[in-house]
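Worksheet: one structure, shown below.
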Amino acid sequence: MLDIGFAKSALPKSGALVLLLEEGEPLAGNLLSAVDEATGGAVLRALTAAEFKGRAGSNCVILAPGAGLSRVIAIGIGKPDSLTQRGAEEAGGNVVPLLARETHAAIAAGGVSAELAAAVAMGAALRAYRFDRYRTKEKAEDKPRLSKLAILAAQPVKAREAWAPLKATVEGVFLSRDLVSEPANILTPAEMADRCVALEKLGLKVEVLGPKEMTKLGFGALMGVAMGSANEPRMVVMHWNGVSGGKKPAKSAAPPIAFIGKGVTFDTGGISIKPAAGMEDMKWDMAGAGAVVGLMATLAGRKAKVDAVGLVGLVENMPSGTAQRPGDVVTSYSGQTIEVLNTDAEGRLVLADVIHYCQEQFNPRFMIDLATLTGAIIVALGQEYAGLFSNDDALAAQIASVAEETGEKTWRMPLADAYDRGLKSDIADMKNIAGRYGGAITAAQFIQRFVQGGKPWVHLDIAGMAWSSKDTATTPKGATAFGVRLLDRLVSAHYENS
Ligand code: BES
Ligand code: MN
Ligand code: ZN
């Protein structure tokens, strides 16, 4: 991660200086007149020549302006006092590619609140992520050089305090992005479980179940998916006891909130095999689980005052002589039987057993599952919104509002009996696919069959959101860690200290 520090507003003597400038006549912003004076008017001359107006999202780079600075970068933050937390993150993020050739830089954030200054830091940190573990020959001059970033704030102490929990969130996001970026030959279910166990250093309690335990419990749906692969499945249960402490919660303790992730470390489709073109994308079919792991690390990292459990079902979906066949009937952990008509509709099979286990073990306050579940949700919503399905309007509304704040957007989709009817099987309690239409909805209906007694539940279909083919303000292209920030904010806004 970028080395980020906070200091009082003062002109730096070297490196790059970033100015956050508000729209208006004249342009206003912390350190603007100071740097303009120090450079003999070069900064305002350049901004005028570039017709820089301070519109949100605009920027102007001034090279070698004088006063020892290598560059001054103006970033527009829009109308006075219009900057939001998310806008501040985007401003911080948009600066990063402009600083690739600098080793150190300072962002003048003395004109905004300590919270917004910390948000600028977060945006910059998030955008500076890189997954370069497997690049062994990249020349130093081709790597981004930026390593030190100073945020110049009116109240640096307060801004540093506001940054502490955000830093834990960035670390959770990076963990999630690392997991999702790893290729499937490295990140097998067992390897991913090991990386979860390593999080005990943060104070999480981590349990791992292997194929023997899951078979004994009767996880017929999950084990059916796993049986084609030479890589054994795992289920990982992570506990964060931020309220009840390290002690085993008393019987009377409030039940935890629960997060559940689809962790298909590679999805070939199984015997219902996928086409070759683009199949490599299916290394990120564990992004739901990756988000849950990143979220749990975040909650632990910032010592969130909440009791939460995170469960991930980790399997590889492969075709082989031991793989399940189309037409097989499996008995899920809930006892319900499933006719597996398409082995590529495997995520719902994995979730079915993990969701049932979650309720049996924890009777949680609510369950939120995340899954790269269907191509159909990408057809419906593209790569802008995750699909949100829920049996609980209040929980759905809470998520929709934090989605706006974090920029991890969700769109509510319907659930209805008419869709559920499509899952009727001629031979078992249900089949794992329905007709051609509304595929994301029928997938959600399938999962809902494993939610008991109207327990508040949200399903997030993140197939369109887990991986980005282009850079955005706070996410370089690649693994996004979608869901970590969304659910971290859900917890901090609604489920702590209560
Ligand atoms: N992992 C895929 C869904 C997916 C597709 C995620 C593209 C990300 C990008 C899922 O397991 C799958 O194969 N779903 C099938 C379901 C179908 C067989 C009913 C699909 O969407 O085609
Ligand atoms: Mn599949
Ligand atoms: Zn899948």
Open item on the list: Under 16 Å between alpha carbons, and skipping anything fewer than 8 positions from Lys409 in its own chain: which aspartates and glutamates qualify?
Closed with: Glu89, Glu90, Asp369, Glu384, Asp461, Asp488
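Starting from the Cα gyration tensor of segment 187-494, take the square roots of the eigenvalues, sort them a ≥ b ≥ c, and report rounded, prolate or oblate (rounded when a/c is under 1.5, otherwise prolate if a/b is larger than b/c, else oblate). Mind showing how you got there, number by number?
Values: a/c = 1.34, a/b = 1.22, b/c = 1.11.
Cα axes put segment 187-494 in the rounded bin.
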Open item on the list: From Cα pairs below 8 angstrom and at least 6 apart in sequence, can you work out the relative contact order of the chain, rounded to a whole percent?
Closed with: 15 percent
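Please work out the ratio of the alpha-carbon Rg of segment 3-160 to 2.2 N^0.38 Å and round it to two decimals.
Working: Rg = 15.1 Å, N = 158, 2.2 N^0.38 = 15.1 Å.
Normalised Rg, Cα atoms only: 1.00.
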TODO: Taking a cut-off of 18 Å between Cα atoms, list the lysines near Lys53, but don't count ones fewer than 8 places away on the same chain.
DONE: Lys79
Task: Cross-link reach list, lysines versus Lys262, counting only Cα pairs under 17 Å and skipping chain neighbours closer than eight places - done: Lys283
Open item on the list: Considering only C-alpha atoms, what is the centroid distance from segment 305-341 to segment 146-209, in Å?
Closed with: 28 Å
Task: Using alpha-carbon coordinates, inclination of helix 393-406 to the longest axis of the chain, degrees - done: 30 degrees
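Looking only at segment 187-494, where both bridge partners belong to it, what percent of the DSSP beta bridges are antiparallel (to the nearest 5)? Present the calculation step by step, with values, prior to reporting the outcome.
Values: 24 of 48 bridges.
Counting DSSP beta bridges with both partners in segment 187-494, the antiparallel share is about 50 percent.
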Open item on the list: What do you get for the angle between helix 439-448 and the principal long axis of the chain? Use alpha-carbon atoms, 0 to 90 degrees, nearest ten.
Closed with: 70 degrees
- [ ] Take Ser272, Ser113 and sort them by solvent-accessible surface of the protein heavy atoms, 1.4 Å probe, largest at the top.
- [x] Ser113, Ser272
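Using a 10 Å cut-off on Cβ atoms, rank the peptides 136-143, 81-88 from the highest mean neighbour count down.
Details: 136-143: 7.5, 81-88: 17.2.
Order by mean packing, descending: 81-88, 136-143.
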Open item on the list: With loop defined by DSSP as not H, G, I, E or B, and exposure as at most 13 other Cβ atoms within 10 Å, which is the longest segment of the chain clear of exposed chymotrypsin sites (Phe, Trp or Tyr not before Pro)?
Closed with: 135-436
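Would you mind estimating how fast segment 288-346 diffuses translationally, via Stokes-Einstein at 10 °C and 1.306 mPa s with the Kirkwood radius over Cα pairs, in µm²/s? Walk me through the numbers before you get to the answer.
Values: Rh = 14.5 Å.
For the chosen part, D equals 110 µm²/s.
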Task: Average silhouette area of segment 139-247, convex hull of alpha-carbon atoms, in square nanometres - done: 11.7 nm²
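The values are calculated or read from the model by the stated rules, or taken from the named source; none is laboratory data. Only a predicted model underlies this, so the values are computations on that prediction, with no experimental measurement involved. Cβ atoms come from the backbone with ideal geometry, glycine included; neighbour counts cover every protein chain shown. Quick note on the areas: whole protein, heavy atoms, side chains included, nothing else; ligands and nucleic acids left out. Shrake-Rupley method; radii C 1.70, N 1.55, O 1.52, S 1.80 Å.
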